Amino acid sequence: MSSATGFTIPSRYASQHFLSVEDLPNDAVLAIVERGRAFKAGARPRLGPDRVAINMFFEDSTRTMTSFQMAEHRLGMKVLDFDPKHSSVTKGESLYDSVRTVDAIGADVAVIRHSRNAYYDQLLAPGRLELSLVNAGDGSGQHPSQCMLDLMTIAEEFGHFDDLTIAISGDIAHSRVARSDAQILNRLGARVIFTGPREWMDHEVTRLGEISTLEEVIEDVDVAMMLRVQHERFDAGPDFSAEDYLHAYGLTDDRAARMRPDAIIMHPAPVNRGTEISSKLVEAPQSRIFTQMHNGVMVRMAILESVLDAAEQA
Ligand code: CP
């Protein structure tokens, strides 16, 4: 992988929307990562004036929402607020009608998080939208901007993806991060190993790698990517204590001590400290959890710049 430069996304791949990593060829993925690295190194945005973004989060968020806001500000965009809890959504307005409205009032891009998988299919089908859609997470479907920041963090650390061993550990079935990351890491030549409770494995994701236990693979991994146990997506709530889960499936201090000296710890956050990862490891020297958050701003600048470029050229 080249160093951070002003690398641009090849125009044949440029798309007005950023919805799923499934749509993204490897070249486009690497171009976003490189552009994110270029922003981190101080590159200036190539965006016309007066571009307007609106962030529509129908599911709660700390990182994704604030880092899209920060990315928009750094790109010099104007940012509109949209809070579903204080909008006509409470009167029954559909997602389509909300998005059609913000399109009509002149937003250039809508960044949307929604609990419904592939919510964007329904928005794009009528073919009437002029604005760009950026998916900030759909149910247990995709989290493509998280995937880009994870890749950027791995690229900064190792400079390549092929031949890396990456354990994705925990609540695989509910994880849009696992779904997006495994797809791209597998395509880029990494060895992906899934660990966690067997009943939380989802073949649609685990077919992209191997299944093992963290205990077995911890000494081999370059990256231990821990996933949050998504309590809110369980019908009855998981049937275990935090301590039991950490001991059986999580990254304990003992397991972390067995990692290779150059291996890193990642987690998309929010973190259940003491469940999937020992609390003190969140800020340990081998943790890149806060670097991931910082890199999130950079790749989100790259994503917004790319969709707005493509919309302008369409
Ligand atoms: N990683 C992530 O998506 O975090 P938030 O839910 O806080 O946005």
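The values are calculated or read from the model by the stated rules, or taken from the named source; none is laboratory data. Just so it is clear, the structure is predicted and the values come from calculations on it, not from any experiment. When we count neighbours, we look across all protein chains shown, and the Cβ atoms used for this are built from the backbone with ideal geometry, even at glycine. Please note that ligands, DNA and RNA were not included when accessible areas were found on the heavy atoms of the full protein model with its side chains. Shrake-Rupley method; radii C 1.70, N 1.55, O 1.52, S 1.80 Å.
Would you please list the contacts, defined by Cβ atoms under 6 Å and residues six or more apart or on different chains, that run from a residue in segment 40-64 that is more than 11 Å from residue 305 (Cβ to Cβ) to a residue that is in a loop (DSSP other than H, G, I, E, B) and hydroxyl-bearing (Ser, Thr, Tyr)?
If the second residue must be in a loop (DSSP other than H, G, I, E, B) and hydroxyl-bearing (Ser, Thr, Tyr), the pairs left are 59/115.
Enumerate the pairs (first residue in segment 293-305 and closer than 14 Å to residue 75 by Cβ; second residue anywhere and aromatic (Phe, Trp, Tyr) and within 12 Å of the ligand (Cβ to nearest atom)) with beta-carbon separation below 6 Å, excluding pairs fewer than 6 apart on the same chain, so at least 6 apart or on different chains.
These pairs meet every condition: 300/68.
Take the residues of segment 200-216 that are open to solvent by 10 Å² or more (accessible area, probe 1.4 Å) and either more than 21 Å from the chain's Cα centre (by Cα) or in contact (Cβ under 8 Å) with a residue 40 or more places away in the chain (or both): which is nearest to residue 252 (Cα to Cα)?
Applying the filter and picking the extreme gives 215.
Would a scan of segment 130-144 turn up a residue that is open to solvent by 10 Å² or more (accessible area, probe 1.4 Å), in a helix (DSSP H, G or I) and at pLDDT 95 or above?
No; the residues of segment 130-144 include none that is open to solvent by 10 Å² or more (accessible area, probe 1.4 Å), in a helix (DSSP H, G or I) and at pLDDT 95 or above.
Condition check: farther than 17 Å from residue 307 by Cα, among the polar types (S, T, N, Q) and either open to solvent by less than 10 Å² (accessible area, probe 1.4 Å) or assigned by the TED database to the domain that holds residue 119 (or both). Does residue 98 satisfy that?
Yes: the conditions hold for residue 98.
How about segment 182-199: which of its residues are over 18 Å from the mean Cα position of the chain (by Cα) and buried (at least 18 other Cβ atoms within 10 Å of the Cβ)?
The answer is 191, 193, 195, 196.
Can you tell me which residues in segment 44-72 are within 11 Å of the ligand (Cβ to nearest atom) and of a type in the set (Phe, Trp, Tyr)?
57, 68 - these are the residues of segment 44-72 that are within 11 Å of the ligand (Cβ to nearest atom) and of a type in the set (Phe, Trp, Tyr).
Can you name every residue in segment 145-176 that is in contact with a helix residue (DSSP H, G or I) (Cβ under 9 Å, 6 or more places away or on another chain), open to solvent by 10 Å² or more (accessible area, probe 1.4 Å) and farther than 24 Å from residue 38 by Cβ?
The answer is 165, 173, 174, 176.
Does any residue of segment 243-262 turn out to be within 14 Å of the ligand (Cβ to nearest atom), at negative phi and open to solvent by 20 Å² or more (accessible area, probe 1.4 Å)?
Within segment 243-262, not a single residue is within 14 Å of the ligand (Cβ to nearest atom), at negative phi and open to solvent by 20 Å² or more (accessible area, probe 1.4 Å).
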